Every structure is written in C-alpha cells, then in structure tokens.
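Asker: Next up is a structure, given as structure tokens.
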Amino acid sequence: MDDERGVDDLIELADEIPESLGLSAGLSEIRATARSKDLSVTVDVHGMLVALDVGEAALERGPDALAAEISRLSAEAGTRALQQGMRAVKAGCTPAVTAAIGDALELEDEPATQPPSADAAPSPSPAPRPAPRRPASSDDEEEGFVLKPVQD
Amino acid sequence: MSITGTARRGGVAVEVAPGGALRGLELTAEALRGGGPALAGRILQAVREAASEANERARQAVTAELGVLGDDELTRLGLGREEALAERAEDTTPDTWRA
C-alpha cells in the first residue's frame with residue numbers, strides 16, 4: 001500500500017472521532033439510483049446492487065450491451081452513494097478525518113450540477129434522497145448524527 | 001488488495017468486490033428470455049452470493065493481518081455476513097492469499 005501513515009497516526013485520527021455519532025448507521029441507510037430510459041439501478045454506500053428494474057425494452061439490447069449498461073449505471077450510482085457518504089462524513093467528522101477519507105477514496109468534489117450522461121433519458125429528477133429515518137429524538141439529538149437531505 | 005467474490009445463477013455471472021460493488025457482469029441470451037423481473041432477481045441474488053463470498057474472503061484476510069475483530073466492527077467495515085450464504089463462501093475460500 002502507498003499509505004505512509006503509521007499505526008500511531010491512524011490511532012490519532014481515530015481518537016478524533018467522537019464515539020456516539022451513529023455515523024455507521026447513517027451510512028448504511030444511504031442509497032443512490034442511476035437510470036437510463038429502461039433501466040434503474042440502485043446501490044448502497046458500498047456500491048452493492050440492492051435494487052434493479054429491467055424494462056422489456058432493455059432486454060432488446062441483447063445480453064452484452066445490457067450487462068455493460070447495468071455495470072455502467074451501477075458505477076454511476078456507486079459514485080453518487082459515496083458522495084452522499086462523504087457528506088455524512090463531513091457532517092460527522094473533523095476536517096482532518098474527512099480529508100483523509102476523501103483522499104483514500106480518491107473521490108472528487110461533487111460538480112455543482114450533474115452533467116447529463118450521454119445515454120440517459122432525460123430523467124425528470126434525480127432520485128429522491130432518502131429521508132432521515134432516525135427520528136430527531138430528544139435523547140441523542142445533540143450528539144447523534146442524523147442524515148439530512150442536502151439543500152442544493 | 002483485489003479480493004473478489006463470484007457467483008453464477010441462470011445465465012448470470014457476477015464478480016464483486018468486498019462490500020458488493022460490481023466488478024464484472026456477464027449475461028447469456030438465455031438469461032434474458034425469462035423477462036426483466038426474473039433477470040433482475042437472478043442478478044440481485046447472484047450479487048448477494050458473490051458479495052457474501054467476497055466479504056468472507058476479506059474477513060479472513062483482515063483477520064490474518066489484524067487478529068480477530070468483532071461482528072460489529074466487521075459490519076461497519078462493510079463486511080457483514082449472512083449466515084446461510086457465508087457457509088457457501090467458506091467452502092469456496094482458499095486457505096491462503098499468498099501467491
């Protein structure tokens with residue numbers, strides 16, 4: 001690995017993370033969807049396919065083109081899921097930790113506007129962001145981490 | 001580290017990274033004949049199986065390097081396991097990663 005940070009450095013980073021963020025739970029609820037006109041691919045924050053809609057028209061592409069398109073959409077959705085994850089991390093971690101994670105993921109900052117993908121149908125709107133499922137309960141509201149939709 | 005898991009199911013072959021991100025997907029013409037919903041179901045099931053295998057392999061690799069971690073810690077790393085699928089993954093996981 002190229003990472004030159006030693007164990008002590010990483011422990012120091014880890015010590016900066018507050019214990020009760022609930023960050024892991026927030027991340028596990030992240031979903032991102034990418035669509036083309038007859039396909040819809042949804043992945044979780046790890047990029048794992050969790051939902052897939054294959055329209056009849058998609059079948060007409062043939063096996064190879066269909067497989068390539070599903071792969072492309074899943075990568076696209078995976079990047080968006082990671083970007084959502086980074087927003088959650090930014091909300092819950094110190095800048096040093098956020099920067100370290102961003103570097104490790106080699107994730108570029110989100111563009112201000114998503115460039116329309118060449119093959120995608122003019123999808124009416126981006127997938128609705130998942131609403132925060134953790135209720136803002138009085139107990140953990142102050143130190144708990146709640147995933148909020150980002151106001152663009 | 002390029003640990004992956006693979007699964008085949010009804011004309012669907014998938015390869016995924018630990019965590020489940022798709023690394024490869026191959027479909028046969030037969031796989032498309034059952035219609036969209038059946039195909040989607042087979043792909044999703046194959047991804048789950050392959051992810052379980054990749055995660056199990058990653059768990060073993062991580063354990064070999066770091067010692068035993070708890071299930072909670074591994075789940076947070078994206079290496080959670082489903083018991084039924086993990087058994088299959090264990091059966092197909094080589095004992096060593098050293099070439």
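Asker: Within the bounds of region A:12-25, is there any residue that is out of contact with any Pro (no Cβ under 9 Å at 6 or more places or on another chain) and either at pLDDT 95 or above or of a type in the set (Lys, Arg) (or both)?
Answerer: Looking for residues that are out of contact with any Pro (no Cβ under 9 Å at 6 or more places or on another chain) and either at pLDDT 95 or above or of a type in the set (Lys, Arg) (or both), one finds none in region A:12-25, hence no.
Asker: Now for a separate question. Let me spell it out: the conditions are (1) modelled with pLDDT of 75 or more; (2) not in a loop (DSSP other than H, G, I, E, B), and B:Leu85 meets all of them except one. Which number is the exception?
Answerer: Here B:Leu85 meets the rest and fails (1).
Asker: Another question about this same structure. Give me the strands (runs of 3 or more DSSP E) completely within region B:5-53, filtered to those with at least 1 residues that are in contact with a Lys or Arg (Cβ under 8 Å, 6 or more places away or on another chain) and more than 7 Å from chain A (Cβ to nearest Cβ), ordered by residue number.
Answerer: B:5-9, B:12-16
Asker: What's the number of the condition B:Thr96 fails, among (1) closer than 26 Å to A:Leu82 by Cβ; (2) at pLDDT below 75; (3) hydroxyl-bearing (Ser, Thr, Tyr)?
Answerer: With (1) closer than 26 Å to A:Leu82 by Cβ; (2) at pLDDT below 75; (3) hydroxyl-bearing (Ser, Thr, Tyr) applied to B:Thr96, the lone miss is (1).
Asker: Can you pull out the residues in region A:45-81 that are outside any helix (DSSP H, G or I), more than 8 Å from chain B (Cβ to nearest Cβ) and acidic (Asp, Glu)?
Answerer: Once the filter is applied, which keeps residues that are outside any helix (DSSP H, G or I), more than 8 Å from chain B (Cβ to nearest Cβ) and acidic (Asp, Glu), region A:45-81 yields only A:Glu60.
The values are calculated or read from the model by the stated rules, or taken from the named source; none is laboratory data. If you're wondering where the values come from, they're calculated on a predicted model, not measured in any experiment. Don't worry about glycine lacking a Cβ; one is built from the backbone with ideal geometry, like all the others, and counts go over all protein chains shown.
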